[in-house]
Amino acid sequence: MVTATGSRPTPTRPPVRRPRTVNGAPVPNVAVRGLKGVVLFLCCAVVVLPFVAVISTSLAGQEQITAAGGYVLWPQHPSFDAYAAIFRGGVVTRATLVSIGITLVGSLLSVTVVALLAYSLSRPGSWGHRPILVLVLLTMLFNAGMIPNYLLVKELGLIDSYWALILPGLASAFQVIIMRAFFLEVPREIVDAARIDGASELQILTRIMIPLSRAVIAVIALFNAVAYWSAFFNAVLYINSTEKWPLQLVLRTYVVDNTQVGTDLPGEVVPPQQSLQMAILVVSLVPICLVYPLLQRHFAKGMVIGAVKG
């Protein structure tokens, strides 16, 4: 069809419906959002329900535990008798203090050693940094084994000593590589300016490198704290005195070996064995669950330090 002016009319097109966006990201429809919510809820339930069962069982009575078949999801008559019993005996209290001391001292020493070694390996002009770096990398590929490690600890006179639980895992090659990669990313000009001002290597490390590496230090400290708190095999190998047992070894004795926990005081009602075991398990989980949220904001940043950039 030709108009009076002699031109053809422009064909009209239906309007294009663009998807709704929020900050540039498309908004999914209601069905997709609902399905994602259900999947997320199921994943959270799978993670949370075991913790709820452990805590509820530690607060439940014998009749309810027997009726539920061993684990309770909601205690009818909550009681803290299990916690009172395990701390009244003194074994769990002493083991908890031992684990706290080993975790604090071991984590502090480990972060210090890793930072010193990583900084020395990140300085190109440091003496012997390449052969030492190769030795550090070789430890990631080869392990001496249990018997040589035991003989080394024995020759050093560390058997039945708290240092046997700290020194064998003091430095990790993986952590050294991660922190070294971060130190290498610090601009060279900052270090050169500090040297011109007369700063020593130790002052550069403590006043420049450490404040700039809080994220990676937080991650390494968290890894070491979890490792020291959760370790029990070194205690099995090197510790002979029951008074020096850490909490994880006491937990293994009570849960795996099914040792009867209770009090010998006459006239006292001993809580159910299952409640006592779950109470010890809760005590072993609480410290890490409290520390982790404090370091979570540094966790993501510290994990990607030294990664390959695209």
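Output the residue which, of all residues in the stretch 136-180 that are on the phi > 0 side of the Ramachandran plot and small (Gly, Ala, Ser), is modelled with the highest pLDDT.
Residue satisfying both the conditions and the ranking: Gly157.
Looking at Leu133, is it more than 22 Å from the chain's Cα centre (by Cα), assigned to a helix (DSSP H, G or I) and surrounded by 13 or more Cβ atoms within 10 Å (Cβ to Cβ)?
In short, yes.
If I filter the stretch 24-56 down to residues being modelled with pLDDT of 80 or more and touching a Pro at 6+ places or on another chain (Cβ under 8 Å), which single residue comes out as surrounded by the fewest Cβ atoms within 10 Å (Cβ to Cβ)?
That would be Lys36.
Considering only residues that are modelled with pLDDT of 85 or more, aliphatic (A, V, I, L, M) and surrounded by 16 or more Cβ atoms within 10 Å (Cβ to Cβ), which ones fall in the stretch 57-98?
Ala95, Val98
Determine which single condition Asn149 fails, assuming it passes every other condition in (1) surrounded by fewer than 18 Cβ atoms within 10 Å (Cβ to Cβ); (2) out of contact with any Pro (no Cβ under 7 Å at 6 or more places or on another chain); (3) assigned to a helix (DSSP H, G or I).
(2) is the only condition that Asn149 fails.
Which numbered condition in (1) more than 25 Å from Ser213 (Cβ to Cβ); (2) modelled with pLDDT under 90 is the only one that Gly101 fails?
(2)
Taking only pairs six or more apart or across chains, which ones have beta-carbon atoms under 7 Å, a first residue in the stretch 286-300 that is modelled with pLDDT of 65 or more, and a second residue that is small (Gly, Ala, Ser)?
Short answer, once both residue conditions are applied: Val291/Ala225; Leu295/Ala218.
Restricting attention to the stretch 104-131, and to residues there that are β-branched (Val, Ile, Thr) and in contact (Cβ under 8 Å) with a residue 12 or more places away in the chain, which single residue is farthest from Arg214 (Cα to Cα)?
Val105
Does Phe233 count as closer than 21 Å to Thr96 by Cβ and free of Cβ contacts under 8 Å to residues at least 24 places away in the same chain?
Against the criterion (closer than 21 Å to Thr96 by Cβ and free of Cβ contacts under 8 Å to residues at least 24 places away in the same chain), Phe233 qualifies.
Looking only at the stretch 188-229, which residues are exposed (fewer than 15 other Cβ atoms within 10 Å of the Cβ), in a helix (DSSP H, G or I) and small (Gly, Ala, Ser)?
Answer for the stretch 188-229, where residues must be exposed (fewer than 15 other Cβ atoms within 10 Å of the Cβ), in a helix (DSSP H, G or I) and small (Gly, Ala, Ser): just Ala193.
The values are calculated or read from the model by the stated rules, or taken from the named source; none is laboratory data. This is a predicted model, so every value here is computed, not measured. FYI the Cβ positions are ideal-geometry reconstructions off the backbone, even for glycines, and counts take in every protein chain you see.
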